[in-house]
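Below you'll find the structure, written out as structure tokens, and then a few comments.
Only the coordinates and a few stated rules stand behind these numbers; no lab work does. Keep in mind that what you see is a predicted model, and the values were worked out from it rather than measured. Positions of Cβ are generated from backbone atoms using ideal geometry, with glycine treated the same way; all protein chains shown enter the neighbour counts.
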Amino acid sequence: MSRGTLVYAAQRLVLITVTAVVVSSIVFIGIHQLPGNALASERRNNPATEAALLHHYNLDLPWPQQYVLWVQGLAHGDMGESLVNMGVQITPLLLREARVSVTLGLAAVLITIGVGLTLGTIAAIRQNTWVDYVASTSAVVGYSVPSFVWAFLLILLTVSGFYAWTGGLVYENIGWGKIEQIPVPALALGLPYAAIVARLTRASMLEVIRQDYVRTAWAKGLKARVVILRHSLRNALIPVISILGPLVTGIITGSVVIEYIFGIPGLGQEFVSSILSRDYNIVIGVFTFYAVLIGLANLAVDLIYPVLDPRIRY
Amino acid sequence: MAAVPSTVEASQEFLISELPEQSSLGQDAWRRLKRNRLAVVGLVIIAIFFVTALISIVWTPYPTWRQALGTTYAGPSLLHPLGLDDYGRDILSRVMGGAAIALGVGVGASFLASLTGIILGMLAGFFKGKVDALISLTINIFYGVPDLLVALILVVLIGRGLFNIILAIALTGWLGMARLVRGQTLSIREREYVEAARTIGTPNLMILSRHILPNALGPIIVQATYLVPAAIIFEAFLSLLGLGIPPPSPSWGRMASEGYKALQIAPHIVLAPCAALSLTVLAFNWLGDGLRDAIDPRMRR
């Protein structure tokens, strides 16, 4: 890694921090403009208890003051306390859940890239044959079917289908904690995006395999594997990498739904349940986490560019 | 002297007969679109869903909210072609009603998002400088945030009515359109015809509406078409998570989420709305691909 790259990465890390603070501040301020307060309910509390509770969460202060306190906490990595489950510290909770979400997300990205590149490459080198038509058509169908529909279909297949065929040997165990519980949700999450990657790879491969240097490679008698993988695919990857940024955002969005369906204890599930229970401290926390995760993922993508294309330097 | 007009006439006649049949860019694109089989199929499917949605507003086989029409979880039968759900409601009627919601949200959100994106994108691209810096900064910040979460928060903040859902989706969907229009405007504003218009003192508003917008319209139409299925999926996501249009409105996402708990014993409850949803999205994507190829043949893949 060159000096320039390090400087670039450092600049980006600063930008990620700024974005995270700005985004979470917007959410913080937006939520604090709501009428009422987070502890208001139909049940009438003892006024003294209520005052003590409000004081406990700094909610008795005017919001600009709360905001300053909150930013100070954030600077120390402290995101405050859950409003619903008093005493639960948010930062360790979200760190634990982020590990789950990142594991699921990485598995989905691997599936996306593996399936997408394979399908796209095969479609391109077999252009205008039935293989190409099947691959291209299934790509459009693939990304038109939303991830939760894939989830339902995969659950039906693994729960009823394989269970019956294998006499109960293979079944879908919904939840989280065992390694065999990862593939099905990751597949549901990754398939729509695999279709997009396949389409892009095909288009970009078709352009590359018509280049002179590929013809030269064939002419000097290199093996098909070398020509396709090293000369063609490596160069065809460059435009494909550009989709990885939006793809990561898409997979994070999709994981909210997938975690909800499969009961996976990740950030997405936490977000949905805390927004439903009006646990705004957690909502803001998850938001900040996601902003950082997306920023880091985009940074990783940008750092892959120069590896694939030495002409790009930072 | 007499020979001159006849020569001109003759050469004109010659030229006119040599010219191919005149057709506008729009007609050209429409002709190419009609030749694209998948795009036509997509258009037909969309038309069917639109008609279904319109019919469902005045008539469905059973009221979409009426419960206990028969045995709960009953599979398809003659009386109820798609079966009954967990409350004994007719699924066909609910899928029909869901079409109205899906298409209303899809088209409404795409329209609102496109309008916002076009206006802000043109302002940024045309005036450059501080206006552009402000708009581009907003776009870049919101690109770093998952749009579903923004929409979820917005729905909680502003409420769950049909219009609020459309608003929440549009507020997250305009970014891509603004980026596209900004880029188009940046390139079109440097063309000679814009310079010519500016030289004769055409006001900015006129340049934007008469010269820049029509020339950027092709990619805008394609992008707006892709925004419709994206918004439909988004609405389904919101409903699935329990933050969509409140029950008993028959949203496809909500139907799927209600049927999920009985997926194993009565898969038809989940499969019917999921099939309708996927088919609509697929049709719009086919149409979008066709439009893209038809409007800009160079983009063809």
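P(r) for chain A, from all Cα pairs and a bin width of 20 Å, is 26, 47, 23, 4, 0 %, short bins first.
What helices in chain B pass both tests, a Cα length along the helix axis of 18 Å or more and a mean Kyte hydropathy of 1.0 or higher, using whole DSSP H runs? Intermediate results must be reported in sequence, preceding the final value.
Details: long enough: B:3-18 (22 Å, 0.27); B:37-58 (33 Å, 2.70); B:91-127 (52 Å, 1.77); B:129-143 (21 Å, 1.05); B:162-188 (38 Å, 1.29); B:213-240 (40 Å, 1.48); B:268-295 (40 Å, 1.13).
Membrane-span-like by this criterion, though nothing is claimed about a membrane: B:37-58, B:91-127, B:129-143, B:162-188, B:213-240, B:268-295.
Take the Cα of A:A224, step 7 Å toward its Cβ, do the same at B:I119, and the gap between the two points is 5.7 nm.
Net charge around A:D279, counting only other residues with Cβ within less than 11 Å of its Cβ (Lys, Arg = +1; Asp, Glu = -1)? My count for the surroundings of A:D279 gives -1.
Using only alpha carbons, chain B has a radius of gyration to Kirkwood radius ratio (Rg to Rh) of 1.13.
Apply 1/(1 + (r/R0)^6) to the Cβ-Cβ distance of A:N128 and A:D212, taking R0 = 35 Å, and write down the FRET efficiency to the nearest 0.05. Write out the running numbers ahead of the final one.
Numbers: r = 22 Å, r/R0 = 0.63.
After rounding, the FRET efficiency stands at 0.95.
Full extension of the segment from B:E195 to B:K261, taken as 0.36 nm per residue of separation minus the current Cα-Cα distance, would add 17.5 nm.
Taking the inverse of the mean 1/r over every pair of distinct Cα atoms in the range A:196-253 gives a Kirkwood hydrodynamic radius of 12.3 Å.
The value given for the range A:97-278 is a Kirkwood hydrodynamic radius of 17.8 Å, derived from the mean inverse Cα-Cα separation.
When the alpha carbon gyration tensor of the range A:135-233 is reduced to an equivalent ellipsoid, the three semi-axes, largest first, read 39, 16, 11 Å. Counting every pair of alpha carbons in the range B:132-262, the share spaced more than 18 Å apart comes to 64 percent.
Can you pull the percent of Cα pairs in the range A:64-168 with separation above 24 Å?
Values: 3149 of 5460 pairs.
Summing the P(r) of the range A:64-168 above 24 Å gives 58 percent of all pairs.
Comparing A:F148, A:F162, A:F28 in a Gaussian network model of chain A (Cα springs below 10 Å), the most mobile by mean-square fluctuation is A:F162.
For the range B:43-171, divide the Cα radius of gyration by the Kirkwood radius and give the resulting Rg/Rh value with two decimals. Please report the intermediate quantities before stating the final value.
On the way: Rg = 20.5 Å, Rh = 17.7 Å.
With Rg and the Kirkwood Rh in hand, the quotient comes to 1.16.
Short-range pairs are left out: with C-alpha atoms under 8 Å and at least six residues apart, the relative contact order of chain B is 25 percent. Within the straight-line cut-off of under 18 Å between alpha carbons, none of the lysines are reachable from A:K223, sequence neighbours fewer than 8 places apart in one chain being disregarded.
With angles folded into 0 to 90 degrees, how steeply does helix A:183-208 sit against the dominant principal axis of chain A? Use alpha carbons for both and round to 10. Once rounded, the angle reads 40 degrees. Modelled spin-label separation between B:S24 and A:I304, with each label point placed 7 Å from Cα along the Cα-to-Cβ direction: 4.5 nm. Sorted into 5 angstrom bins from 0, the C-alpha pair distances of the range A:4-141 split as 2, 7, 10, 13, 12, 11, 9, 8, 8, 7, 5, 4, 3, 1, 1, 0 percent. Charged side chains reduced to their Cβ positions (Lys and Arg at +1, Asp and Glu at -1) give chain A a dipole of some 1560 debye around its Cα centre. Note that the protein assembly as shown, at 4 °C in a medium of 1.567 mPa s, gets a Stokes-Einstein diffusion coefficient of 48 µm²/s from its Kirkwood radius over C-alpha pairs.
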